[in-house]
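Participant: My structure is below; once you've seen it, I'll send some questions.
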Amino acid sequence: MVPLAAALVVTAFALLAAGDPPLPAAEKKVFLREEFDGLERWKPLTFPGIERHSRYSIEEKGKKRYLRAESDASASGIVLRETFPVHEYPRVGWRWKAGKVYEKGDARTRKGDDYPIRLYVIFPYDPERAGFGERMRYGAARLLYGEYPPGSALNYIWANRKGEVRVIPNAFTAKAMMIVLQGPEDVGSWQVETVDIVRDYRAVFGEDPPATAGIAIMNDSDNTGESSVSHIDYLEISGITLTEP
């Protein structure tokens with residue numbers, strides 16, 4: 001790990017471990033509450049050179065509906081069609097369950113960079129914040145694919161191995177950080193998550209995030225060649241409004 005990345009990860013441990021500070025009197029405001037009655041608000045997220053895609057559908061159990069994310073030696077996701085203002089709506093909450101983890105999964109290697117489920121917060125590339133070399137690389141990518149790749153990302157992951165450290169730099173790019181929320185010991189049980197993406201971005205990248213972000217969901221196993229089925233119950237993007245005493 002390069003020194004800068006190591007320093008960011010050490011700082012991230014301290015900030016992420018600190019937890020959320022007590023809030024003054026406030027009321028919650030909601031940008032999105034997705035109960036997964038359908039997938040109209042979502043579109044496919046695919047990657048160059050990967051032809052085998054994961055499958056996303058709505059699964060019904062009694063009166064309840066869930067997002068079903070199924071991967072079989074495949075990789076793709078679904079991305080929310082809307083972006084949102086992250087400083088106004090920094091809190092993301094959801095409930096998820098992984099059916100299994102990947103035996104060959106290893107967040108530190110490219111061959112193991114697969115997860116049975118992850119929430120992918122995508123921040124746009126901003127040329128004004130980039131150096132000359134980065135502008136050249138992103139410009140070339142835009143010519144090749146017709147749009148800029150993401151500028152940075154937070155990946156909230158269901159890890160494949162026990163005892164993973166909380167923050168892991170992505171094996172492919174320093175522009176993405178993996179934040180471990182669950183692991184193999186929790187497979188098969190529903191888990192509720194709430195994160196503050198502004199706080200987490202500052203912790204792992206050492207600066208404020210861009211003003212807007214997108215949300216994607218992914219189950220991928222193209223590197224390990226394995227298969228799994230995971231579910232998400234709901235997804236909520238929210239913020240708070242301080243109230244007068």
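The values are calculated or read from the model by the stated rules, or taken from the named source; none is laboratory data. Computed from a predicted model, the values in this text were never measured in an experiment. Note that we place each Cβ from the backbone using ideal geometry, even for glycine, and neighbour counts take in every protein chain shown.
Participant: I'm checking my understanding of the structure. Among residues of region 69-100 that are among the polar types (S, T, N, Q) and part of a loop (DSSP other than H, G, I, E, B), which one is surrounded by the most Cβ atoms within 10 Å (Cβ to Cβ)? Explain how you work it out, then say what you get.
Facilitator: Of the residues in region 69-100, the ones among the polar types (S, T, N, Q) are 71, 74, 76, 83.
So of that shortlist, the ones also part of a loop (DSSP other than H, G, I, E, B) come out as 74, 76, 83.
Values: S74: 19, S76: 21, T83: 15.
Across region 69-100, the extreme among qualifying residues is S76.
Participant: Against the definition (within 22 Å of S227 (Cβ to Cβ) and either part of a loop (DSSP other than H, G, I, E, B) or at pLDDT 90 or above (or both)), how does L39 come out, yes or no? Before you say what the answer is, go through the steps one by one.
Facilitator: Details: within 22 Å of S227 (Cβ to Cβ): yes; either part of a loop (DSSP other than H, G, I, E, B) or at pLDDT 90 or above (or both): yes.
The answer is yes for L39.
Participant: Still on this structure: On the given criteria, is F13 at pLDDT below 95, farther than 21 Å from V187 by Cα and part of a loop (DSSP other than H, G, I, E, B)?
Facilitator: No; evaluated as a whole, the condition is false for this residue.
Participant: Which pairs do you get when a residue that is acidic (D, E), found in region 215-228, comes within reach of a residue that is in a strand (DSSP E or B) and surrounded by 20 or more Cβ atoms within 10 Å (Cβ to Cβ), reach meaning Cβ atoms under 6 angstrom, with the pair 6+ apart or on two chains?
Facilitator: Partner pairs satisfying both residue conditions: D220/S71.
Participant: So which residues in region 42-68 are outside any loop (DSSP other than H, G, I, E, B) and over 20 Å from R118 (Cα atoms)? Show your work before the answer.
Facilitator: From region 42-68, those outside any loop (DSSP other than H, G, I, E, B) are 42-45, 55-61, 64-68; that's our starting set.
Once the filter is applied, which keeps residues that are outside any loop (DSSP other than H, G, I, E, B) and over 20 Å from R118 (Cα atoms), region 42-68 yields E60, K61, K64.
Participant: Which of the following residues is more than 12 Å from the chain's Cα centre (by Cα), buried (at least 20 other Cβ atoms within 10 Å of the Cβ) and not acidic (D, E): T224, T241?
Facilitator: On the way: T241 fails: buried (at least 20 other Cβ atoms within 10 Å of the Cβ).
Among T224, T241, only T224 is more than 12 Å from the chain's Cα centre (by Cα), buried (at least 20 other Cβ atoms within 10 Å of the Cβ) and not acidic (D, E).
Participant: Given the structure, is R202 among the charged types (D, E, K, R) and either over 15 Å from the mean Cα position of the chain (by Cα) or buried (at least 21 other Cβ atoms within 10 Å of the Cβ) (or both)? Step through it out loud before you land on a result.
Facilitator: Details: among the charged types (D, E, K, R): yes; either over 15 Å from the mean Cα position of the chain (by Cα) or buried (at least 21 other Cβ atoms within 10 Å of the Cβ) (or both): yes.
So R202 fits the description; yes.
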